[in-house]
Amino acid sequence: MQDPFGISESLKHLGIKQENLGSSTGVNWLKSSESYLYSLSPADGQLIAKVQLSDADAYESIISQAQIAFEKWRLVPAPQRGEIVREIGNALREVKSDLGKLVSYEMGKSYQEGLGEVQEMIDICDFAVGLSRQLYGLTMHSERPGHRMYEQWHPLGIVGIISAFNFPVAVWSWNAALAWVCGDVCLWKPSEKAPLSGVACQLIVGKIFAKHGMPEGISNLIIGDYKIGELMSHDPRVPLVSATGSTRMGKLVGKAVGERLGRSLLELGGNNAIIITENADLDIAIRGALFGAVGTAGQRCTTTRRLIVQENVYEEVKSRLAGAFSKLVIGNPLDEKNHVGPLIDQDAVKGYLTAIDKVKAEGGKAVVDGGVLSGEGFESGCYVKPAIFEAENHFEIVQHETFAPILYLIKYKTLPEAIALQNSVPQGLSSAIMTMNMREAEAFLSAAGSDCGIANVNIGTSGAEIGGAFGGEKETGGGRESGSDAWKAYMRRQTNTINYSTSLPLAQGIKFDI
Ligand code: UN1
């Protein structure tokens, strides 16, 4: 294959050979079905690798290994578990450029964003190391004399992780790093659109667990289709399923897990807006909106999809943004002169074209029209032009998350109207206001303001740091991953009351003497 960006060299550094690519319970690869997944790069359309698909038998053997591993891992003191996660973070530092390149090549985001994604993994490992000494429970004063009450947090068991193509490695690491320090073992089903990035991660962490004499099965990788997700969701041996992806997928997972009264942590679609008020610093507003809309070619769940602009600055924002879009360089994501890479595949291109047709049919007006790029460098057929349309918030297509670089411009008069528009979508992930006016900012952040899980001031909607809890409301699914106290989802809480007195008083003063 032609290899101007040194992909083969990076695959070599990551230890990826062309054989034994598939599911694994650690360093050993599982024998699996004879079906394969073909990982094609959207950057140049070339085949990167063939990855073996797993079936229900492989799933069973992974679950058995994971159960055995959990029995040992849950008894390793949390700070020692943290030490292992520290080494994982250090190993990621060493392969940052190689893994970043693979992510960029397999998924199509720019190399800079690929590096950023690996940095997010390193950051969450650091966070988890600190957390391993801070899995705090509260102590309470008992109402009974000679009694003590406290709560403690215990590991849950097997955590199922279903991740999406757009962050093929970072979102897994948010879940896995926390789950591991919490004493859980993980079963990861990466996206079928980016399996090789999953294989690369499994190779990195498997070796570290093995080096520490830990059992196979603390980190498990299963390459498979939606059927594997179904198995996990229905399986009572998987107490928590953390799923990132479409709202459609999340509803299926949530229903299946809910039916068995398991826990699900859902991080689903967003339909994120930036409100630009007449008091905005427009330089910041334009830059924030630009990266928010076209970063990762519009394929982040945090992508800015709607721009709600005050009428007095509307024309200026529109023309400055159109100017900024015209300077965007589209092309191979590994070439650092390019700002925007391809969409993930042909289906995504179809979704993009359909959305453009729909917004036009509903009365939207192109400010910057879209289109699929062809010719030299665009042979994969996945490169599209970032587009801007003037639209109304109630348009059916505007209410919908299209994973592509399409930005809808919506005009408003008053801030309450803007906030109402911002909230008038089924999703509730990320939101932002651009303003230098403190009253406007605080109104946006108040209980009557944004209804999203993330609400920013003078920052775009994407690019959250790992230290905060990440997730959103409504059809975004309500889950929280990553920082703050998101770790609590990965543990079970136990309340303990200890009687060290010589009698047995009942709570609530109940008398029961014989
Ligand atoms: C996602 O798109 O699923 O806030 C995750 C961001 C990134 C994570 C996005 N830190 O844009």
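The values are calculated or read from the model by the stated rules, or taken from the named source; none is laboratory data. What you are looking at is a predicted structure, and each value in this text was computed from that prediction instead of being measured. Heads up, the Cβs are rebuilt from the backbone with ideal geometry, glycines too, and the neighbour counts pull from every protein chain shown. SASA here: full protein model, heavy atoms, side chains in, ligands and nucleic acids out. Shrake-Rupley method; radii C 1.70, N 1.55, O 1.52, S 1.80 Å.
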For Leu138, the lone unmet condition from (1) more than 17 Å from Arg263 (Cβ to Cβ); (2) within 13 Å of the ligand (Cβ to nearest atom) is (2)
Of all residues in region 267-283 being assigned to a loop (DSSP other than H, G, I, E, B) and within 16 Å of the ligand (Cβ to nearest atom), which is nearest to Ser163 (Cα to Cα)?
Leu268
In this structure, is Thr354 at pLDDT 95 or above, open to solvent by 10 Å² or more (accessible area, probe 1.4 Å), farther than 29 Å from Pro4 by Cα and hydroxyl-bearing (Ser, Thr, Tyr)?
yes
Would you mention how many residues in region 441-486 are away from the ligand (no atom under 15 Å from the Cβ) and buried (at least 22 other Cβ atoms within 10 Å of the Cβ)?
2
Quick one: which residue in Ser61, Ser24 is of a type in the set (Ser, Thr, Tyr) and farther than 14 Å from Gln202 by Cβ?
Ser61
For region 391-488, which strands (runs of 3 or more DSSP E) that fit wholly inside it have 3 or more residues that are more than 19 Å from Thr296 (Cβ to Cβ) and touching a residue at least 12 places away in the same chain (Cβ under 8 Å)?
406-412
Which residues, counting only those in region 284-342, are within 16 Å of the ligand (Cβ to nearest atom), more than 22 Å from the chain's Cα centre (by Cα) and buried (at least 23 other Cβ atoms within 10 Å of the Cβ)?
none
Which numbered condition trips up Lys189, out of (1) surrounded by fewer than 24 Cβ atoms within 10 Å (Cβ to Cβ); (2) free of Cβ contacts under 8 Å to residues at least 60 places away in the same chain?
(1)
Which numbered condition Trp188 fails, given (1) closer than 22 Å to Ile16 by Cβ; (2) away from the ligand (no atom under 16 Å from the Cβ)
(2)
Given the residues Arg305, Arg287, Arg320, Arg300, which is the only one that is part of a strand (DSSP E or B), assigned by TED's automatic domain parsing to the domain that holds Glu396 and more than 16 Å from Glu440 (Cβ to Cβ)?
Arg305
